[in-house]
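Trainee: Quick one: this structure, given as structure tokens, is what I'll be asking you about.
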Amino acid sequence: AAGDRTVDDPRLATLSAAAVAGGVSVVIGAAVRHPDGRRTISSLVVDRRGNVRAGYDKQQLWGDERELFVPGTRGATLLVDGWRLGLGICYDGCFPEHGRAAAVDGAHGYLCPSGYLAGSEHRRDLYYAARALDNTMYVVFANSVGGTDPWRFNGGAAVHDPEGRTLVRGADTGEEVLVVMLDPAQLAATRAAHSMLVDRLPDQGPTRLSLLG
């Protein structure tokens, strides 16, 4: 479940009020300074009562992020109306084992806000569809838009179904709101037909063979 580290920042008041008014939960990315001095890149979870918590700290830091932030030490799953939604941030989604850890924990979906730059469209579109197919779960990918080179972000937010098909995708420029209904029947049917999560081996065996060709 989301962590219990409450975030007290007046800039979030409007978002908290909107969550209460709409009866929705919200996940946003932010840089967070913790009471012990640590700085993390985190997913903040705003619940339907308007409470804001630092629910997940990014585990896979990218490039110069390591100079400013410390990595998170564990994954997190958000529980909403019976849905289990694993949390990731940007570079986390490039590692198959990150999404797999969420799926093994019972996740039905994987939420991954990101910051992909112009020129990375191929990787942006491939990684998250692959995480969906790898783990037969929904993947919700959000991305920053706009900016100026070299920090120009390429949008393309998307939701992928449990077979990796893209249900909806936003444009590469401009802001959009994407709305998709996640279907528990489709999730169950996909997992029944493609049972990788059940069939996976506990490990890949002893030391690999080395063969001469």
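The values are calculated or read from the model by the stated rules, or taken from the named source; none is laboratory data. Keep in mind it's a predicted model, so treat the numbers as computed, not measured. With ligands, DNA and RNA removed, areas are computed over all heavy atoms of the protein, side chains included. Shrake-Rupley method; radii C 1.70, N 1.55, O 1.52, S 1.80 Å.
Trainee: With θ set to phi - 60°, apply the Karplus curve 6.51 cos²θ - 1.76 cosθ + 1.60 along the stretch 137-147 and write out the HN-Hα couplings as whole Hz, x wherever there is a Gly or Pro.
Mentor: Once rounded to whole Hz, the list reads 9, 5, 10, 10, 10, 10, 9, 5, 10, x, x.
Trainee: Provide the percentage of antiparallel DSSP beta bridges, counting only those with both residues in the stretch 42-117; round to the nearest 5.
Mentor: Of those bridges, close to 75 percent are antiparallel.
Trainee: I need the phi-derived Karplus couplings for the stretch 105-113: 6.51 cos²θ - 1.76 cosθ + 1.60, θ = phi - 60°, integer Hz, Gly and Pro marked x.
Mentor: Result, rounded to whole Hz: 7, x, 5, 8, x, 9, 9, 9, x.
Trainee: In sequence order, what are the phi-derived ³J(HN,Hα) couplings for the stretch 9-21 according to the Karplus relation 6.51 cos²θ - 1.76 cosθ + 1.60 with θ = phi - 60°, rounded to whole Hz, with x for glycine and proline?
Mentor: 9, x, 5, 9, 4, 5, 5, 4, 5, 5, 4, 5, 5
Trainee: Here is a follow-up. If amide hydrogens are placed 1.01 Å from N in the peptide plane, which non-local residues have theirs closer than 5 Å to the one on residue 7?
Mentor: Answer set, sorted by chain and number: 52, 53, 54.
Trainee: Figure the gain on full extension for residue 62 and residue 198 (residue separation times 0.36 nm, minus the Cα-Cα span) and round it to one decimal in nm.
Mentor: Values: separation 136, 0.36 × 136 = 48.96 nm, distance 3.18 nm.
So the extension gain works out to 45.8 nm.
Trainee: Find the accessible area per residue for the chain; the probe is 1.4 Å, ligands and nucleic acids are left out, and the unit is Å².
Mentor: I get 58 Å² per residue for the chain.
Trainee: What residues qualify as long-range amide H neighbours of residue 143, i.e. H under 5 Å apart, gap of 5 or more or another chain, H built at 1.01 Å from N?
Mentor: Amide H to amide H, under 5 Å and 5 or more residues apart or across chains, residue 143 pairs with 114, 157.
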